[in-house]
1. When chain B is modelled as a GNM with alpha-carbon springs shorter than 10 Å, which of B:105, B:40, B:89 fluctuates the most?
2. Would the range B:56-121 count as rounded, prolate or oblate if I go by the C-alpha gyration tensor, calling it rounded below 1.5 in a/c and otherwise prolate when a/b exceeds b/c, oblate otherwise?
3. Going by how many other beta carbons lie within 10 Å of each one, how would you line up B:2, A:267, fewest first?
4. Could you line up A:171, B:92, B:109, B:226 from fewest to most neighbouring Cβ atoms inside 10 Å?
5. When Cβ neighbours within 10 Å are restricted to other protein chains, what is their mean count per residue of peptide A:90-100?
6. How do the peptides A:6-19, A:136-149, A:95-108 rank, highest first, by the average count of neighbouring beta carbon atoms within 10 Å per residue?
7. Using a Gaussian network model of chain A whose springs link C-alpha atoms within less than 10 Å, name the residue from A:130, A:46, A:112 with the highest mean-square fluctuation.
8. Can you give the angle from 0 to 90° between the axis of helix A:64-95 and the longest principal axis of chain A, with both taken from C-alpha atoms, to the nearest 10?
């Protein structure tokens, strides 16, 4: 009994350490965001006068609302394409008894390993030629394409657990392939779909490199780009507290989203992987 | 077989996306890599394999390659060791363990670019958080980002910390897949905890190790955003990764052809590194 007790104490000490280490960066960011621009004091001690003006300024001057809206548009378009196209493809490839389907699976795995930046020159000149630079749908298409391989992989490993009897029963009832997929198969994939939607949405929301080069027009900037420009200096001085406040505004929605849906993210992935 | 063809059609939208936005840019990049081109003008001069030859005498290429390997393998090692420890710890039964899982995973939600900015506040020389903590103990401030290698190590540490939750999740999934009877049988035989871990848990975790290593390696070798915000590739281009170097060459140095060639070389390097590791680990998987 006593051994059990002491190991419990160790558990809670470890828990406390983990919480402190995780909380510290967020605390420092918050601390930075409520000081005045001239305050170069300690980042650990709260400033004597808490200054909320940075938040007011961030909301009114930095174009953060537009950034929020632009990010939302890109995420919704990209995630819709990722989910729809990957689940359809996984279904088709797993049920078709052809050698080609197997090859496509292997090629997909290889594509997963290609870092998007290594194709930068090829991608960028393609986007220019297709007139997709400075457009939100253009960015969504590109984000969807880079997100599809991993989603297709996850759906494919999940499709094995959906019994073929379901398809066959639907087929006997005279349902076509599209009807079978949307009415019968897709509802079976609900849990993996929710997990994949969240992962894709977060990844897309936090994307930095591609928006940076594709969206040069500041009216098209996504939230991350608005935050990035808050760090730029005006007349040689960067308003770091304002930038920190912008960061906080950018982080809070994601954290709220995460805490609300953490069940689907952590448990969803644990169950998804162990299948 | 008409049905097979219809089923294959279901994959068409996804394949079309991959062909247009990944395969086509790849072919385009290979084509451009054969030219000397500044990225925007109409003038391009054919070099053949000249760009590739230049890469092998470019000292910055070797430095970026070395850094990329540290980013990739360093993060993979740290994340797997700590991810496994965290998973073992959070697989124990105690109240509040779900909350700690949520906390460990939380930093993954923050954009890498923002996390890099926050961490920059930690490693600054003047007024940085780490130096402030040091001064509480009466120690002299340290110039954390003094050299390329120092920056590379710090960025690797921060990256490992931020994404350790991914590994934890993979290993938790693996641990939950091990039937309890194996461990119970071992306990009955009077096996010590360490032996149990070494001879039962670890071999059965090999599939999880494969997954975790490959995911981490791919992510680590791709690293870009965090380097931008933590060190801007500096000091003196000392902490560049291959991704970052490609981007600099293209948009900064206006060497688009050379950047394209470097991109192709990067893909080849990543394939050479990840494929054998994947195969090696796959062979060691235990069936039970």
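No lab work stands behind these numbers, since they all come straight from the coordinates. All values derive from a computational prediction rather than experimental measurement. Virtual Cβ from ideal backbone geometry, glycine too; neighbours counted across all protein chains shown.
1. The residue with the greatest mean-square fluctuation here is B:40.
2. Cα axes put the range B:56-121 in the oblate bin.
3. B:2, A:267
4. B:92, A:171, B:109, B:226
5. Working: counts 3, 3, 10, 6, 3, 6, 10, 4, 5, 0, 3.
If you average over the peptide's residues, the count of other-chain Cβ atoms is 5.
6. Sorting A:6-19, A:136-149, A:95-108 by mean packing, highest first, produces A:136-149, A:95-108, A:6-19.
7. Maximum fluctuation in the GNM of chain A, among the listed residues, is at A:130.
8. Helix A:64-95 and the main axis of chain A meet at about 20 degrees.
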